[in-house]
Amino acid sequence: MLIQSLVENVEIVPDYWLHISQEKINQFALATEDEQWIHMDVERCKQESPFKTTIAHGFLTISLLSQAFSKQIQIDPSFQTLINYGMEKLRFLEPVRSDDHIRFCFSLLEREVKEKGVLHKFNVRIEIKEREVPAALGVFIVMLIE
C-alpha cells in the first residue's frame, strides 16, 4: 500500500509472521554486546527463567520494525525518501521467546506537514502468534521527503 493512500485509523495487518530463532537472538546479543544469560543460555533458562526458555532482546524486536514497515507500506523511490524519525510511547508488554513468531500491525495516527517533508505517525502493535498480549506497543514516526 502506498503511504499517500493510507487512511487514518485503518489497521494494516500482514498475513505473514517473522520467526525469532535462537540464532537470531544470539547474533543480536553478539552485535550489541548484550549477552545476558536470559537471552543466550538455553539450559540455564530451562531451570531458572520464569519463561523456561530464552527470550529475545526488546530492541531486537523493535529493530525488525523498519523491515516489516517497508514490506507493508511503500513509497515511490524515484522521487521520495522515507526516513526513520523515531518512536514515542514504546512499551514492552510481553517477552518474545525463542522460536516465537511475530508480526507488526500499523495504523496511521496522523500526518503533519513540516518544512522538509511530511511527518507520519503510526500506531504499531507487535503481535506474538498464539498469544493474546502483544510484545510491544508504540508510535513509529517516519518522515516522507519528496
Exercise for the section: Being surrounded by fewer than 16 Cβ atoms within 10 Å (Cβ to Cβ), modelled with pLDDT under 95 and aromatic (F, W, Y) narrows it down to one of F59, F79, so name that one. Expected result: F79
Practice task
Kindly provide the set of residues from the range 2-32 that are in contact with a Phe, Trp or Tyr (Cβ under 8 Å, 6 or more places away or on another chain) and assigned to a loop (DSSP other than H, G, I, E, B), ordered by number.
Solution key: P14
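Select from the range 82-138 the residues that are assigned to a strand (DSSP E or B) and among the small types (G, A, S) and write down the one among them that is nearest to I62 (Cα to Cα). Write out each step before concluding.
Pass one, the range 82-138, residues assigned to a strand (DSSP E or B): 82-92, 97, 100-113, 118-128, 136-138.
Keeping just the survivors that are among the small types (G, A, S) gives 86, 107, 136, 138.
Numbers: G86: 11, S107: 16, A136: 8, G138: 10 Å.
Looking at residues that are assigned to a strand (DSSP E or B) and among the small types (G, A, S), I get A136.
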Problem - Residues of the range 33-51 that turn out to be out of contact with any His (no Cβ under 7 Å at 6 or more places or on another chain) and either part of a helix (DSSP H, G or I) or under 22 Å from I126 (Cα atoms) (or both), as a count - result: 12
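Run down I145, I102, I141, I128 and say which single residue is out of contact with any Cys (no Cβ under 8 Å at 6 or more places or on another chain), at pLDDT 95 or above and under 20 Å from P77 (Cα atoms). Before the answer, list the steps.
Working: I145 fails: at pLDDT 95 or above; I102 fails: under 20 Å from P77 (Cα atoms); I128 fails: under 20 Å from P77 (Cα atoms).
Within the list I145, I102, I141, I128, the selection yields I141.
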Practice task
Within the range 52-68, count every residue that is at positive phi and not in a loop (DSSP other than H, G, I, E, B).
Solution key: 0
Problem - Tabulated pairs, the range 8-31, first at pLDDT 95 or above, second among the charged types (D, E, K, R), C-beta under 6 angstrom, 6+ apart or interchain - result: W17/R103; W17/K129; I20/D100; A29/E35
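Out of everything in the range 131-146 that is touching a residue at least 12 places away in the same chain (Cβ under 8 Å) and surrounded by fewer than 17 Cβ atoms within 10 Å (Cβ to Cβ), what residue ends up being nearest to K46 (Cα to Cα)? Can you show your working first?
Step one: filter the range 131-146 for residues touching a residue at least 12 places away in the same chain (Cβ under 8 Å), giving 131, 133-146.
Subsequent filtering for residues that are surrounded by fewer than 17 Cβ atoms within 10 Å (Cβ to Cβ) retains 131, 133, 137, 139, 145-146.
On the way: R131: 20, V133: 22, L137: 28, V139: 34, I145: 48, E146: 51 Å.
In this case the residue turns out to be R131.
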Exercise for the section: Filter the range 82-128 for residues that are within 24 Å of C45 (Cα to Cα) and surrounded by fewer than 16 Cβ atoms within 10 Å (Cβ to Cβ) and give the result. Expected result: R91, L93, D99, H101
Practice task
Any residue in the range 106-126 that's more than 17 Å from I145 (Cβ to Cβ): show its pairings with residues that are at pLDDT 95 or above and assigned to a loop (DSSP other than H, G, I, E, B) at Cβ separation under 7 Å, as long as the two are six or more apart or on different chains.
Solution key: R125/P134; I126/P134; I126/A135
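The values are calculated or read from the model by the stated rules, or taken from the named source; none is laboratory data. These figures come from a predicted structure and were not determined experimentally. With ideal geometry, Cβ positions are generated from the backbone for all residues, glycine too; neighbour counts draw on all protein chains shown.
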